[in-house]
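To start, the structure under review is shown below, and the notes come after it.
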Amino acid sequence: MSHDVYTPPKVWTWDKASGGRFANINRPIAGPTHDKELPVGKHPLQLYSLGTPNGVKVTVLLEELLEKGHTGAEYDAWLINIGEGSQFGSGFVDVNPNSKIPALLDTSTNPGTRVFESGSILFYLAEKFGAFLPKDGAARAETMNWLFWQMGSAPILGGGFGHFYAYAPEKYEYPINRYAMEVKRQLDVLERNLADREYLAGDEYTIADMAVWPWYGALVKGIIYEAGEFLSVHEYKNVIRWTDQIAERAAVKRGRIVNRTWGEDKNQLAERHDASDFEGKT
């Protein structure tokens, strides 16, 4: 293991793979690497995703909408294998020029509406179906506060702490300590907020909970980054209570396995095209 101090060059150049486990898909340029059309199913909503925390946000909302009786929320969920670079196919880049999952195509409009960035997808669907986003000004603002909090905070947990603690080819004290400190501060923000609230924005379950749960709920339950002991996650009693409460929802149990291709077979559903696809799962 090298401990040499890095001196940045005057001009940075991309001359070797970097990024540990994900080095083969990291590059400093955008755009497609190959031509590949995206499949389109029979439902109005076409989701192109993977069952990572960002992908789970959207499939949970879609399943919650269907649970609530919004039949227009029927969807086809197609697997985008980011480890193989599927996000750089020309069809996917047309839907999301940022080449990140998830991406949504709403074919109920003419022409179809593309929606990318998980927070934007949550807001779009909540607005479209009038669900899980309060109409009242103060409650609506509070929901959006926590939705944007998650969008700004998750990169610290994922690309920051997760990378240096779990995926980096070499472990260094400074970045791990720096990001661990910030992740624990974020957990404390959630802990204090949930001390006198059932859900993040108040007494109502909203898209804010759906955004935060796949990241921070998974963290305290040891589902992502087996760092529970390292971060002393048992200290965050309110976060654990909130996490367990959401995990018991039927729609959440379904949504969290869509586009998932790892773990126990019952917790995997590579693609979802009909409610019957869940038979024998969860």
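Each reported figure results from applying straightforward, stated rules to the coordinates on display, with no laboratory input. Bear in mind the structure is a predicted one, so any value in this text is a computation, not a measurement. Glycine gets a Cβ as well: all are built from the backbone with ideal geometry, and neighbour counts include every protein chain shown.
Of 245, 276, 172, which is farthest on the positive side of the dipole of the chain, counting Cα position, with +1 on Lys and Arg Cβ, -1 on Asp and Glu Cβ, and the Cα centre as origin? Checking the options against the dipole of the chain, the answer is 172.
The packing ranking of peptides 246-256, 166-176, 206-216, highest mean first, is 206-216, 246-256, 166-176, where packing means the average number of other beta carbon atoms within 10 angstrom of each residue.
In whole angstrom, the chain maps to an equivalent ellipsoid with semi-axes of 30, 26, 18, each derived as √(5λ) from the alpha carbon gyration tensor and ordered largest first. Electrostatic tally near residue 118: other residues with Cβ closer than 11 Å to its Cβ, Lys and Arg +1, Asp and Glu -1, net +1.
With each run of n ≥ 4 DSSP H residues scored as -39500 (n - 2.57), what mean residue ellipticity at 222 nm is computed for the chain after dividing by its residue count and rounding to the nearest 500 deg cm²/dmol?
After summing the helix terms and dividing by the residues of the chain, the value is -11000 deg cm²/dmol.
Within region 85-203, the proportion of C-alpha pairs whose separation exceeds 23 Å stands at 50%. Along each principal axis, taking the top coordinate minus the bottom one, the Cα set of region 1-153 gives 57, 39, 26 Å in descending order. Straight Cα distances below 18 angstrom link residue 128 to the aspartates and glutamates 63, 64, 67, 74, 76, 106, 117, 136, with same-chain residues fewer than 8 positions distant left out. When region 137-247 is described by a simple charge dipole with +1 on each Lys and Arg Cβ and -1 on each Asp and Glu Cβ, the residue from 149, 218, 139 located farthest towards its positive end is 149. Assuming charge only on the beta carbon of Lys and Arg (+1) and of Asp and Glu (-1), the dipole of the chain about its Cα centre is about 400 debye to the nearest 20. Per-residue 3J(HN,Hα) values for region 245-259, derived from phi via the Karplus relation 6.51 cos²θ - 1.76 cosθ + 1.60 with θ = phi - 60°, read 5, 5, 4, 7, 5, 4, 5, 5, 4, 6, x, 6, 9, 5, 6 Hz in sequence order (x marks Gly and Pro).
Expressed in whole Å with the largest first, what are the equivalent ellipsoid semi-axes of region 126-180 derived from the C-alpha gyration tensor as the square root of 5 times each eigenvalue? Intermediate values should be presented prior to the final figure.
Numbers: eigenvalues 258, 26, 5 Å².
Listed largest to smallest, the semi-axes of region 126-180 are 36, 11, 5 Å.
The packing ranking of peptides 142-150, 69-77, highest mean first, is 142-150, 69-77, where packing means the average number of other beta carbon atoms within 10 angstrom of each residue. Dividing the convex hull volume of the alpha-carbon atoms in region 137-247 by its residue count gives 86 Å³ per residue. With 20 Å as the limit, the listed pairs 253/281; 135/253; 36/253; 57/237; 100/184; 57/100 have 135/253; 36/253; 57/237; 100/184 beyond it between alpha carbons.
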